[in-house]
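Take a look at the structure below.
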Amino acid sequence: MKMMWLSVWSDAALRRSLVVSICCVLVASVTSVAQGPLHPLDGLTEREHWVIRSVLKKEGRLTEDTQMVRVLLRDPPKEDVLKWQRGKSFTREAAIEARRGGKTYRGIVDVRKKRLTLWEHVPGVHAGGHWTDSTDIITAKLKKHPDWQAALKRRGITDQGTLYITAVSQAFTDVPQDSPNRLLKWAAFQRRGVKNFHGRPIAGLIAVVDIDRRAILKVIDTGVVPIPDGPVDFDERSVGKLRKRPAPLRVVQPRGPGFRVSGHEVTWQNWHFHFRIAPRVGPIVSQVTYRDGGKPRSILYQGHLSELFVPYMDPTMGWRDRAYLDFGEAAGGLATPMEPGLDCPSYARLCDTAVMDGQGIPKRVHRAAALFEIDPGAMSWRHWDSLANHTESRSRRLLVLRMIATLGNYDYVFDWVFQQNGAIRVRVGSTGIDQAKAVTRRDLNDGKGESPYGRFVAPHTVAVNHDHYFCYRLDLDVDGVKNSFLREALKPVTFPNAPRRKVWVVDPKIIPTEKQARMKMNPSRPGLWRIINPSVKGAVGNPVSYHLRPMGNGLTLLTDDEYPGGRGGFTHYHFWVTPRQADELYADGAYPFRKKRNGLLQWTEKDRKIENTDIVAWYTLGFHHVVRVEDWPVMPTKWDQFEIRPYNFFDRNPAVDLPK
């Protein structure tokens with residue numbers, strides 16, 4: 001399909017109507033989640049979801065009291081995918097997570113053969129869950145609970161119809177030791193007169209709920225706190241006078257986009273890769289290769305974000321358990337529909353994805369992923385020759401694969417950015433609404449200083465300090481499956497009697513086992529983290545490699561036993577390397593609630609060999625969020641990123657052949 005793409009029209013209504021009509025056509029041209037899979041790693045289609053549901057119903061595993069937490073593609077063995085050829089058949093299996101009667105089950109369905117091949121109880125764990133499935137029932141019970149009614153009456157609230165009541169955290173510190181129950185803390189927000197209920201928390205009032213039995217265990221009231229009453233909405237009508245609209249900016253691609261898409265496979269500027277939008281982890285890029293001298297060379301077998309951890313730093317009753325494993329806890333799917341021209345360029349190519357609800361019924365998420373080219377306004381490379389008074393410069397273009405997830409109060413933008421120089425930049429944009437608590441003090445003008453656990457952002461409103469940690473799983477295959485981890489430390493060398501007394505040199509070391517491969521960023525002790533292929537040499541004899549280049553980061557200030565629920569072990573190091581295991585997919589383990597910890601920190605205690613074998617790199621990107629007034633009532637998008645870049649992989653700058 002060839003057509004002209006325009007990024008922005010001067011008239012907003014015309015722009016949106018045109019974009020929607022164009023995108024509806026383009027979604028079908030990228031892929032249809034209703035059609036059959038074309039590649040072994042394609043996500044499950046709507047049709048396949050219906051098959052899975054029928055199999056589970058037939059086997060008696062899907063009943064009215066069963067909650068389907070997730071249905072995911074179960075990847076075929078890596079060796080089978082690498083050998084697969086287009087047009088050949090391939091297996092299709094679905095991995096099931098479900099809850100029934102307070103127990104967690106896992107299963108496997110052979111989609112092709114329409115057969116359940118595994119169904120078993122997983123003891124000592126709880127899977128995530130559709131909290132909203134019980135909202136109506138729990139809310140109705142809470143509204144009738146005498147202690148809840150009395151607490152609201154003390155706050156002058158008699159009309160519960162204006163309240164938004166919801167689960168706000170687990171209840172780790174309220175669960176008796178060795179209790180098998182899964183408890184949640186519920187809180188209320190006042191919606192009267194506002195859209196942004198997050199800005200109207202009813203502080204000091206918590207209900208502890210047994211989510212499986214849908215029972216109210218207790219209501220805790222620590223005292224009346226004023227409900228904030230300042231402006232909190234941020235839609236156009238609420239923010240006051242708007243600034244003048246910028247002049248129109250148009251991007252024109254008269255011959256269509258510079259990339260080609262076949263199913264979920266993308267080809268662009270020597271790059272070729274497969275992608276899917278997975279319900280648990282979002283974008284997964286697979287079989288990433290770069291064509292060098294006419295030959296495709298492997299770089300990354302599979303890459304995706306494996307877990308997102310957001311712990312809050314407030315020890316009080318209503319906040320002490322707020323330490324979210326957002327990916328592990330969220331059920332169903334992550335992707336939210338994008339708005340062309342706002343969330344992505346209006347000329348972006350969009351595709352849908354399929355997820356299922358708590359009863360296994362598939363639903364389509366429209367505009368779940370966007371694929372688009374951008375001109376970042378910077379050169380790919382440049383040099384001015386002073387002797388010839390001549391400049392050689394080349395413009396730069398990027399290809400972006402994007403998905404946006406809304407997880408409670410926060411929105412996250414997940415980008416995979418492919419560059420013409422053989423590098424991949426991975427970035428996260430954090431926006432949305434900061435979690436805030438209501439406090440008795442109005443503001444700082446009383447001279448008592450900042451709140452100990454957060455910052456004032458509005459009258460009677462303190463946004464609580466917290467962290468964000470994103471752990472990426474990177475199954476790098478640099479020119480083949482067997483790779484090694486090379487750490488190159490930069491060390492000073494002293495020459496006592498020389499005119500130049502000190503320089504730094506590179507001290508390379510192959511790390512033999514995974515425990516030694518735990519790495520922390522330290523500006524006073526710099527170095528390089530490279531995944532090399534010792535069996536493939538470049539033109540000057542170097543082993544080919546890709547370098548993980550950090551670009552700003554944070555590290556946890558707590559120990560692994562100081563988080564509620566024993567969570568967040570992967571935050572203690574920035575970089576990890578493990579031998580590839582098909583069942584080690586999530587940095588904090590497969591289940592977010594468990595008696596026994598199971599994640600990167602525990603896996604690497606085995607100290608398995610990682611030299612000249614199939615290895616996986618894990619990188620934790622994070623930041624400490626001390627909220628500022630400018631982050632309220634909605635946070636400007638904050639971008640964090642890292643880069644996977646070629647290091648002695650090519651024989652020259654791979655972008656030197658770019659035309660003017």
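Just how far, in whole angstrom, is region 350-424 from region 64-95 if you go by their alpha carbon centroids?
Each part's Cα centre sits 27 Å from the other's.
Toward the positive end of the charge dipole of region 416-480, about the Cα centre and with charges on Cβ (Lys, Arg +1; Asp, Glu -1), which of Gly454, Asn465, Thr440 goes farthest?
Projecting each Cα onto the dipole axis, the largest value belongs to Thr440.
Once you have a ≥ b ≥ c as the square roots of the Cα gyration tensor eigenvalues for region 232-346, tell me rounded if a/c is under 1.5, and otherwise prolate or oblate according to whether a/b is larger than b/c. Before the final figure, lay out each step's value.
Working: a/c = 3.03, a/b = 1.25, b/c = 2.42.
Taking the square roots of the gyration eigenvalues as a ≥ b ≥ c, region 232-346 is oblate.
Calculated from DSSP H runs of 4 or more alone, at -39500 (n - 2.57) each and per residue, what is the 222 nm mean residue ellipticity of the chain, nearest 500?
Values: 7 runs with 65 residues, N = 660.
Estimated from H runs of four or more residues: -3000 deg cm²/dmol.
Taking the Cα centre of region 205-266 as the origin and placing charges on Cβ (Lys, Arg +1; Asp, Glu -1), which of Val209, Gln253, Val232 is farthest toward the positive end of the dipole?
Going by the charge dipole, the pick is Gln253.
Distance cut-off 26 Å, Cα to Cα: go down the list Lys143/Lys448; Lys502/Lys537; Lys491/Lys515 and report the pairs above it. Each step should come with its number before you reach the end.
Values: Lys143/Lys448 37 Å; Lys502/Lys537 32 Å; Lys491/Lys515 22 Å.
Too far apart for the 26 Å limit: Lys143/Lys448; Lys502/Lys537.
Largest first, how would Trp632, Trp384 line up by accessible area (1.4 Å probe)? List each step's numbers first, then the result.
Numbers: Trp632 30, Trp384 115 Å².
From most exposed to least exposed: Trp384, Trp632.
Determine the distance separating the Cα centre of region 288-328 from the Cα centre of region 151-207; give it in Å without decimals.
Answer, in whole Å: 29.
Using only the Cα atoms of region 311-361, build the gyration tensor, take square roots of its eigenvalues as a ≥ b ≥ c, and label the shape rounded, prolate or oblate: rounded if a/c is under 1.5, else prolate if a/b is larger than b/c, else oblate.
On the way: a/c = 4.51, a/b = 1.69, b/c = 2.66.
Since a/c reaches 1.5 but b/c is at least a/b, the shape of region 311-361 is classed as oblate.
Checking the table Lys88/Lys113; Lys509/Lys609; Lys141/Lys185; Lys144/Lys195 against a 20 Å threshold on Cα-Cα, which pairs fail? Write out the running numbers ahead of the final one.
Values: Lys88/Lys113 17 Å; Lys509/Lys609 15 Å; Lys141/Lys185 14 Å; Lys144/Lys195 25 Å.
Long pairs (Cα-Cα over 20 Å): Lys144/Lys195.
Dipole size in debye (nearest 20) for region 457-550 around its Cα centre, Lys and Arg Cβ +1, Asp and Glu Cβ -1? Before the final figure, lay out each step's value.
Numbers: 15 positive and 7 negative charges, 108 e Å.
Once rounded to the nearest 20, the dipole reads 520 debye.
Report the local net charge at Phe623: Lys and Arg +1, Asp and Glu -1, summed over other residues whose C-beta lies under 12 Å from its C-beta. The partial results should precede the final answer.
On the way: positive: Lys638; negative: Asp467, Asp640.
After counting each charged neighbour, the total is -1.
Suppose every Lys and Arg Cβ carries +1 and every Asp and Glu Cβ carries -1, with no other charges. What dipole size does the chain come out with about its Cα centre, to the nearest 20 debye?
Numbers: 98 positive and 71 negative charges, 153 e Å.
Dipole magnitude for the chain comes out near 740 debye.
With charges set only on the Cβ (+1 for Lys and Arg, -1 for Asp and Glu), what does the dipole of region 557-660 come to about its Cα centre, in debye to the nearest 20? Each step should come with its number before you reach the end.
Working: 14 positive and 16 negative charges, 33 e Å.
Charge dipole, region 557-660, about its Cα centre: 160 debye, nearest 20.
Grab the Cα-Cα distance for Ala150 and Glu120, subtract it from 0.36 nm times how many residues apart they are, and report the gain in nm with one decimal. It would help to have the intermediate numbers written out before the result.
Values: separation 30, 0.36 × 30 = 10.80 nm, distance 4.44 nm.
6.4 nm is the gain from fully extending Ala150 to Glu120.
Looking at Trp416, Gly129, Leu555, which one has the Cα that reaches farthest to the positive end of the dipole of the chain (charges on Cβ: Lys, Arg +1; Asp, Glu -1)?
Value computed over the given set: Trp416.
Could you report region 185-241's accessible area per residue, 1.4 Å probe, as an integer in Å²? List each step's numbers first, then the result.
Numbers: 2920 Å² over 57 residues.
It amounts to 51 Å² per residue over region 185-241.
Any idea how far the Cα center of region 578-610 sits from the one of region 215-272, in Å?
Between the Cα centre of region 578-610 and that of region 215-272, the gap is 33 Å.
On a full-extension model of 0.36 nm per residue, what is the gain between Ala247 and Thr391, subtracting their alpha-carbon distance, rounded to one decimal in nm?
Numbers: separation 144, 0.36 × 144 = 51.84 nm, distance 3.13 nm.
So the chain would gain 48.7 nm between Ala247 and Thr391.
Per residue, how large is the accessible surface of region 541-609? Use a 1.4 angstrom probe and give square angstrom. Write out the running numbers ahead of the final one.
Details: 2890 Å² over 69 residues.
I get 42 Å² per residue for this part.
Take every Cα pair under 8 Å in the chain that's 6+ residues apart, average their separations, divide by the length, and report that relative contact order as a whole percent. Don't skip to the end; give the middle numbers.
Numbers: 1501 pairs, mean separation 92.5, N = 660.
Rounded, it is 14 percent for the chain.
Once phi is turned into ³J(HN,Hα) by the Karplus curve 6.51 cos²θ - 1.76 cosθ + 1.60 with θ = phi - 60°, what whole-Hz value does each residue of region 504-514 show in order, with x for glycine and proline?
10, 10, 9, 10, x, 8, 6, 8, x, 9, 5
Cα-Cα over 31 Å: which of Lys295/Lys482; Lys363/Lys482; Lys103/Lys363? Show your work: numbers first, answer last.
Numbers: Lys295/Lys482 19 Å; Lys363/Lys482 40 Å; Lys103/Lys363 25 Å.
Those over the limit are Lys363/Lys482.
Longest exposed-loop-site-free stretch of the chain, with GluC sites (Glu not before Pro), DSSP loop and at most 13 other Cβ within 10 Å? Numbers along the way, then the final one.
Working: sites that count: Glu59, Glu64, Glu236, Glu450, Glu562.
Counting only loop sites that pass the neighbour cut-off, the longest clear stretch is 237-449.
Give me the percent of accessible area attributable to carbon and sulfur for the chain, probe 1.4 angstrom. If you can, show how the numbers build up before the last one.
Numbers: 15440 of 30340 Å².
Using a 1.4 Å probe with all protein chains present, the chain comes out at 51 percent carbon and sulfur.
For region 379-517, what is the accessible area per residue in Å², given a 1.4 Å probe and the full set of protein chains?
Result: 45 Å² per residue.
The values are calculated or read from the model by the stated rules, or taken from the named source; none is laboratory data. As the structure is a prediction and not an experimental result, all values here were calculated from the model. Quick reminder, even Gly has a Cβ in these numbers, built from the backbone with ideal geometry, and neighbours come from all protein chains shown. SASA here: full protein model, heavy atoms, side chains in, ligands and nucleic acids out. Shrake-Rupley method; radii C 1.70, N 1.55, O 1.52, S 1.80 Å.
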